[in-house]
1. Among the helices of chain B (complete DSSP H runs), which have Cα atoms covering no less than 27 Å along the helix axis and a Kyte-Doolittle mean of at least 0.5?
2. List the pairs from A:Lys97/A:Lys211; A:Lys53/A:Lys97; A:Lys242/A:Lys265; A:Lys220/A:Lys265; B:Lys279/B:Lys318 whose alpha-carbon separation is above 21 Å, in the order I gave them.
3. Please give the FRET efficiency for A:Asp229 paired with A:Lys44, using the beta carbon to beta carbon distance and R0 = 25 Å, rounded to the nearest 0.05.
4. By how many degrees, between 0 and 90 and to the nearest 10, does the Cα long axis of helix A:170-182 differ from the longest principal axis of chain A?
5. Tell me, how many Å apart are the Cα centres for the range B:288-310 and for the range A:293-351?
6. Using a 1.4 Å probe on the heavy atoms of the protein chains only, list every residue of the range B:223-259 that has 50 Å² or more less accessible area in the complete assembly than in its chain alone.
7. With just the Cα atoms defining each centre, how far is the range B:233-256 from the range B:137-216? Give it in Å.
8. Place a point 7 Å from Cα of A:Arg181 in the direction of its Cβ. Which residues in the range A:103-123 have their backbone N less than 13 Å from it?
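The values are calculated or read from the model by the stated rules, or taken from the named source; none is laboratory data. This is a predicted model, so every value here is computed, not measured. Note: ideal-geometry Cβ built from the backbone for every residue, glycine included; neighbour counts use all protein chains shown. To get the accessible areas, we keep the full protein, side chains included, count just its heavy atoms, and leave off ligands, DNA and RNA. Shrake-Rupley method; radii C 1.70, N 1.55, O 1.52, S 1.80 Å.
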Amino acid sequence: MDRREALKTMVTLPLLTAAGAGAGAGTPAAEDARFVVEARFYEKMPSRRVRCKLCPRECVIDDRERGYCGVRENRGGTYYSLVYARVCSAHVDPIEKKPLFHFVPGSLAFSIATAGCNVNCKMCQNWEISQARPEQLTSTFVPPQKLAGLAREAHAVSIAYTYNEPVIFCEYVLDAADAGRAAGVKSVVVSGGYIQDEPLKEMCRRVDAIKIDLKAYSQKFYREIVNGDLPSVLKTLAAIRKHGVWSEIVYLVIPTLNDSDDELKGLARWVKTELGPEVPLHFTRFHPDYLLKNLPPTPLPTLERAKAIADAEGLHYVYIGNVPGHPAENTYCPKCRRVVIERAGFTIAGSHLDRGKCQFCQQPIPGIWEGLLHL
Amino acid sequence: MLTERKSGTTRRGLLRACLAGALACPAPAQAKSRVVIARDADNAVDSARLLALLDRAVQAVFGADSPIEAWKKLARPGEVVGLKVNCLAGRGPASTSPTLVEAICERLQQAGIRAGDLVVWDRLDSDLESAGFRPSTRSGRIRTIGNDQAGYESDLATFGEAGSLLATTLTRTCDAIVNLPVLKDHGIAGVTMALKNFFGAVHNPNKYHSNSGDPYVADVYMLPPIRRKVRLHICDALAPQYEGGPSLMPHWSWPFHGLIASRDPVALDYTGWQIIERKRAEKGMPTLRAARREPAYIARAADAQHRLGTNDPGLIDKVEI
């Protein structure tokens, strides 16, 4: 069995079918009307065309064609999502894996994905699902209430919409977040932030935290490596902040492509100026995959240089990721510099927070701490 | 002692003769790419007339005296021949004509290819069905199968900006491919014909429509199983569409009653593009460049990195019959 098959079967089936979420074994590739709902964000055009209004790409789609994401289809002039509740991957992850470090540390996130993505990052670690069309993957029908129930059964504090791009299954995210909230389960979104204002606003009304993968701080990178655009993502970050939803930023540092001092300095300055110094920024290590196999993993000194630059610019919470055991996995109080949350990989090794404040100097530490495990 | 001089050609003489010969004879002309435009004057192209049209087109491409001889140049008995149709637009002239496919299957069988070694394929069983083909994998019969049923490779094939999983019908089942696109306008890529039809061989065609398909169309075609296995292109131009494609828009199609055949996909696409442009001009429509969807991928396919054929009109031997 190859990696793709393993991902399709090992990840999906044990969690969902064993939990009784789906109809027997995972639904085969055939069309299934349960997964098809009319899209919420689009406009009709002459000659049975539609214009998608979900992401800044604004695909204009002919009858019987799909948008760039591959999961939305024009059928006779009406636009449909083909991935409503069409879960192809599910896992119970520590929230630190997202990573969200200031969101109920030590809690579990019931993490799900569908097929599809609205960009095509050459370094994608999950390209087997993100770049696939829904009918190419084995999926299970998990309606919103069922998803909320599964999360509760798994003792997960949150549902995480992750692995692929949640923007492209927006209708499901909105309904599942409502169902989760009614069941006492939070929702977190892991996204590239390539989304239009209106769907973002709807999402922000319902979810509790959003982690944005900021792929680079250069338009050239976004154009050549991502097939997206930087200004749209920066706009999203600012809008999330304005809507008052907790957010963290991950920046995957790729040797030679987005790791120059100037770019990192520009990034840190923008974050501090536009979002504030308290927004956590994670510099994570790149591993070669998909269409970027010609570059080595990020050297540790590069990550440490990135952190030093962001620290020097005045950001309070700068982390290093994908380097288990590194001291920069910990959260430090910006005032007394003591460790307030100690991490070992995805595990919480110690907590010195008291109702959101540093136990040593009472400095407030921003985040959502309700339910934090005290060790 | 006299040294006897060797008789016959000396080294210097040989060089001199070679140089003289080279100068005397013109350099061999760069081979032209033949594109055959076969048209029927009749307004109703029935199956018999379509078969005759096909015969004229294929004979002209191969310079053969008979249709069977032409098809024998394309494939040998024992080889599995795939017919890559284009079915996305459903039933009607914006999809490959099932009657044309029947005619090709008939001739290939007469050329010694077993029915069980013929495979009609496209992306989805449902697309094939909606265009009038009946999906079937019965042994010993002509197979008709969508990639969704046959599956895709699990390893990425890459070239340039393309990174895709290829349909196993292309990679494993077929030895040779006859490409059967449709001549039509495309709302994003400008036009869609021979080169772009192989978006139906990859798992992620939706990723390749940015920038009017440039360079993606050319890059996808460079993936080795495509480049290596395609032996002939026969473009269905019975009722092409000059606007509103790739969906079927009958009010923007016109009766051309033609087939365009070539072994050079770039030359075919260039020729088809010009036909579409002429029709657009006749109808008072802007050029595809003015409409901001000029098919730049055709020139890309001809460039030094791709060399998939020629888009130079001076190197296209256009034969109208």
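1. Working: long enough: none.
The answer is none, since no helix passes both cut-offs.
2. Numbers: A:Lys97/A:Lys211 11 Å; A:Lys53/A:Lys97 31 Å; A:Lys242/A:Lys265 23 Å; A:Lys220/A:Lys265 17 Å; B:Lys279/B:Lys318 18 Å.
Checking Cα-Cα distances, A:Lys53/A:Lys97; A:Lys242/A:Lys265 exceed 21 Å.
3. On the way: r = 26 Å, r/R0 = 1.03.
After rounding to 0.05, the efficiency reads 0.45.
4. 60
5. The two parts, judged by their Cα centres, are 48 Å apart.
6. Checking the loss per residue gives B:Ser247, B:Met249.
7. 20
8. No residues fall inside that zone.
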